[in-house]
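Trainee: The structure's right below; bear with me while I get my questions together.
The values are calculated or read from the model by the stated rules, or taken from the named source; none is laboratory data. Quantities reported herein were computed from a predicted structural model and do not represent experimental measurements. Using ideal geometry, Cβ is built from the backbone for each residue, glycine included, and neighbour counts are taken over all protein chains shown. Quick note on the areas: whole protein, heavy atoms, side chains included, nothing else; ligands and nucleic acids left out. Shrake-Rupley method; radii C 1.70, N 1.55, O 1.52, S 1.80 Å.
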Amino acid sequence: SLYVQNVTITGSGRPLKNVTLQNGITVKASTSNIGTIYVGGPTIQNSITDGYPLQAGEELFISISNASFVYVRSQTGRSASMHVIGS
């Protein structure tokens, strides 16, 4: 089945929804974002240096079996948006 989620991100990292995937997900930073968002594992909760940076409009495909294995965050003190689609 198709999994779609729009996520509002804050400075502290958090996982995506617990959704089983067959093919993986694509995450895209909203084109209206001012700051950078970071995608990674649970260690990005403590440091943005552990994440993969995405500027506004950039996207990344991740071949993964569950969306909750992916954590997202923004720079401290900033709010940002991200779009997720997967199957």
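Trainee: Quick check: anything in region 63-80 without any contact (Cβ under 8 Å) to a residue 60 or more places away in the chain, of a type outside the set (Phe, Trp, Tyr) and open to solvent by 70 Å² or more (accessible area, probe 1.4 Å)?
Mentor: Applying the first criterion (without any contact (Cβ under 8 Å) to a residue 60 or more places away in the chain) to region 63-80 yields 63-66, 68-71.
Next, only the ones that are of a type outside the set (Phe, Trp, Tyr) stay: 63-66, 68, 70.
Applying the additional criterion that residues be open to solvent by 70 Å² or more (accessible area, probe 1.4 Å) yields 63.
Taking every residue of region 63-80 in turn, at least one turns out to be without any contact (Cβ under 8 Å) to a residue 60 or more places away in the chain, of a type outside the set (Phe, Trp, Tyr) and open to solvent by 70 Å² or more (accessible area, probe 1.4 Å).
Trainee: Filter region 1-29 for residues that are part of a loop (DSSP other than H, G, I, E, B), of a type outside the set (D, E, K, R) and either more than 18 Å from Gly57 (Cα to Cα) or touching a Leu at 6+ places or on another chain (Cβ under 9 Å) (or both) and give the result. Explain how you work it out, then say what you get.
Mentor: As a first pass, look at region 1-29 and keep what is part of a loop (DSSP other than H, G, I, E, B): 1-2, 10-13, 16-19, 21-24.
Okay, now just the ones that are also of a type outside the set (D, E, K, R), so 1-2, 10-13, 16, 18-19, 21-24.
Passing the criteria: Ser1, Leu2, Gly11, Ser12, Gly13, Leu16, Asn18, Val19, Leu21, Gln22, Asn23, Gly24.
Trainee: What are the pairs, 6+ residues apart or on separate chains, where a residue within region 1-27 that is aromatic (Phe, Trp, Tyr) has its Cβ under 8 Å from a residue that is surrounded by 12 or more Cβ atoms within 10 Å (Cβ to Cβ) and assigned to a strand (DSSP E or B)?
Mentor: Every condition considered, the pairs that remain are Tyr3/Ile25; Tyr3/Val84; Tyr3/Ile85; Tyr3/Gly86.
Trainee: Kindly provide the set of residues from region 4-60 that are of a type in the set (Val, Ile, Thr), at pLDDT below 95 and open to solvent by 30 Å² or more (accessible area, probe 1.4 Å), ordered by number.
Mentor: Across region 4-60, the qualifying residues are Thr8, Thr10, Ile34, Thr43, Ile48, Thr49.
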